[in-house]
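The values are calculated or read from the model by the stated rules, or taken from the named source; none is laboratory data. Note that this is a predicted model, so its numbers are computed, not measured. Reconstructed Cβ throughout: ideal geometry from the backbone, glycine too, with neighbour counts over all protein chains shown. Ligands, DNA and RNA are excluded from the accessible area calculation, which covers all protein heavy atoms including side chains. Shrake-Rupley method; radii C 1.70, N 1.55, O 1.52, S 1.80 Å.
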Amino acid sequence: MQQPLRPLSRRTLLKGAGAAVVGSALFRDEHTPRGGGSTTRYVSVFGSDSGPGTEAAPWHSLARVRAALRKGELRRGDAVLLKRGDTFFGSLHEPSIQGAAGVFTVGAYGTGPRPKVSGYKISRAAWSQHAKGIWKLDITARSGQYRGNTAAPSTNVGFLKVAGLIRGWKRTSVEALENQWDFYSDETFVYVGSSFAPGDGVAIAVQQDGVRPASHSILDGIHIEGHGAHGIATGGSENIRIRNCRLEDLGGSQLASDGTRYGNGVEVWIGASNIVIENSTIRECYDVAFTMQGTATKEAKAWTDIHFRNNRVENCNQTFEMWSAGEATPGSGHIRCMFNHNICMNAGYSWAATLRPDREGTGTHILTYDTELPMDVEVTRNQFIGARDSYINISGDKRAPKGLNLHHNIIKLGPGTKTAYGSAETIERAARWQARTGKEHGSTFSVLTTDRCEAQA
């Protein structure tokens, strides 16, 4: 998460964004058997939305799945399976799922790589010249000038992907486009600085979350890419399992008129409970791989039993973030939350690392700021390998919040990298930092030969 340029306005903006996906009720056992009327629907790019949704005659689109959830054709205890190897453009924003028991599952069927939920609008050769060295494309919904995520209303571009490379220099006006692949977007067009017509195949990520799972649901074996906001946003929902997923190439859309941009891998908003994210890979996010954040309200004042385990993080600006604001009352804050057995590599080396305005100190594995609510978070048995700025960045008085329990981790940083941002101790003097702070009992610190390690693509 990008730290706020103006914290109060930032929190207000994020409060509105997170509150849009709040769930309800309580269901704790993902293994509860389905009722006799449970249904499994199949979806393939070669299917038809007018068909029955069977494996032999699958549905075609995520829009059909969303419609079935709204109308109650799909309920708790049912499942939707996406065809492996297929790419489904758009998003899967689940409403509150009807039904009194069981979980709703989104998974995969067939053979091959994970099915993709992709947010890209992919250009056709329909660019027109706006001025010398500047080309524009109409990216409003169903403009006909692009394929892929054609129904998305947003024109708030997070980044471009051209020939496999992310181009992230978003400028504040058309006049500011100076270099090849600089871009700007307004309510109709994306404008690109280029010495030639960009042509067919430019992937354009716009402001949209990839998946917003509802309460009492499982997301299993899905590949989420190319969304200008978050990969997964749980809101304040309850009883969700996210497992065996891959999230990459995310974020960069503008959040505020001051140019603030954002985009996380998995965002867990205040009010959430019983959320497990496991055995997944998160890479190349504008902001942070995993975050628990929000401002307390009467209806939502805590994160309860949120567990991140056995995941792999590569090349995100931060690995794990916590921030909280509001009045500390009984039962508020982070409660029984855990980050354990994760492998985390190259914090601060995301696609956005060299172009975001707030680079100072943001290349870190653990980030806490504005922690106004109580904290009960255990961070243990992880590997934190390679970071641009530090292992941990604690805002304010630089004292780790009471209740943040760091122990038995493996931390490996490049020569001279700070153990904690803003503190005197580098990785070479980590033992002194451990003794001074009382943190990282049983943890080991060592020095890499370089600032970062090679991550798998």
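Residues in segment 206-226 that are part of a strand (DSSP E or B) and more than 18 Å from VAL103 (Cα to Cα): VAL206, HIS223, ILE224, GLU225, GLY226.
Scanning segment 193-205 for residues that are surrounded by fewer than 24 Cβ atoms within 10 Å (Cβ to Cβ) and either β-branched (Val, Ile, Thr) or in a loop (DSSP other than H, G, I, E, B) (or both) yields a total of 8. Might you check whether a residue that is open to solvent by 40 Å² or more (accessible area, probe 1.4 Å) and among the charged types (D, E, K, R) occurs anywhere in segment 86-104? No, every residue in segment 86-104 fails to be open to solvent by 40 Å² or more (accessible area, probe 1.4 Å) and among the charged types (D, E, K, R).
Each residue in segment 385-418 was checked for being under 20 Å from MET375 (Cα atoms), open to solvent by 50 Å² or more (accessible area, probe 1.4 Å) and of a type in the set (A, V, I, L, M), and 0 pass. Here THR12 clears all of (1) hydroxyl-bearing (Ser, Thr, Tyr); (2) outside any loop (DSSP other than H, G, I, E, B); (3) surrounded by fewer than 16 Cβ atoms within 10 Å (Cβ to Cβ); (4) at pLDDT 95 or above except the condition numbered (4). Checking ALA289, ALA256, ALA300, ALA229 one by one, the residue that is over 24 Å from ALA100 (Cα atoms), of a type in the set (A, V, I, L, M) and open to solvent by 10 Å² or more (accessible area, probe 1.4 Å) is ALA256 and no other.
To keep it simple, each residue is scored yes or no on (1) surrounded by fewer than 22 Cβ atoms within 10 Å (Cβ to Cβ); (2) more than 20 Å from TYR391 (Cβ to Cβ); (3) not β-branched (Val, Ile, Thr).
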{"site": "PHE308", "(1), (2), (3)": "no, no, yes"}
{"site": "ASN311", "(1), (2), (3)": "no, no, yes"}
{"site": "GLN318", "(1), (2), (3)": "no, no, yes"}
{"site": "MET322", "(1), (2), (3)": "no, no, yes"}
{"site": "GLY326", "(1), (2), (3)": "yes, yes, yes"}
{"site": "CYS337", "(1), (2), (3)": "no, no, yes"}
{"site": "HIS341", "(1), (2), (3)": "yes, no, yes"}
{"site": "ALA347", "(1), (2), (3)": "no, no, yes"}
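For segment 288-307, a tally of residues being touching an Asp or Glu at 6+ places or on another chain (Cβ under 8 Å) and either assigned to a loop (DSSP other than H, G, I, E, B) or over 21 Å from THR362 (Cα atoms) (or both) returns 2. For segment 109-192, the strands (runs of 3 or more DSSP E) that sit wholly inside it and include 2 or more residues that are modelled with pLDDT of 95 or more and open to solvent by 30 Å² or more (accessible area, probe 1.4 Å) are 128-131, 134-138, 165-167.
Just to be sure, is THR354 among the polar types (S, T, N, Q) and surrounded by fewer than 21 Cβ atoms within 10 Å (Cβ to Cβ)? So THR354 fits the description; yes.
For segment 91-110, the tally of residues that are among the hydroxyl-bearing types (Ser, Thr, Tyr) and closer than 20 Å to THR54 by Cβ stands at 2.
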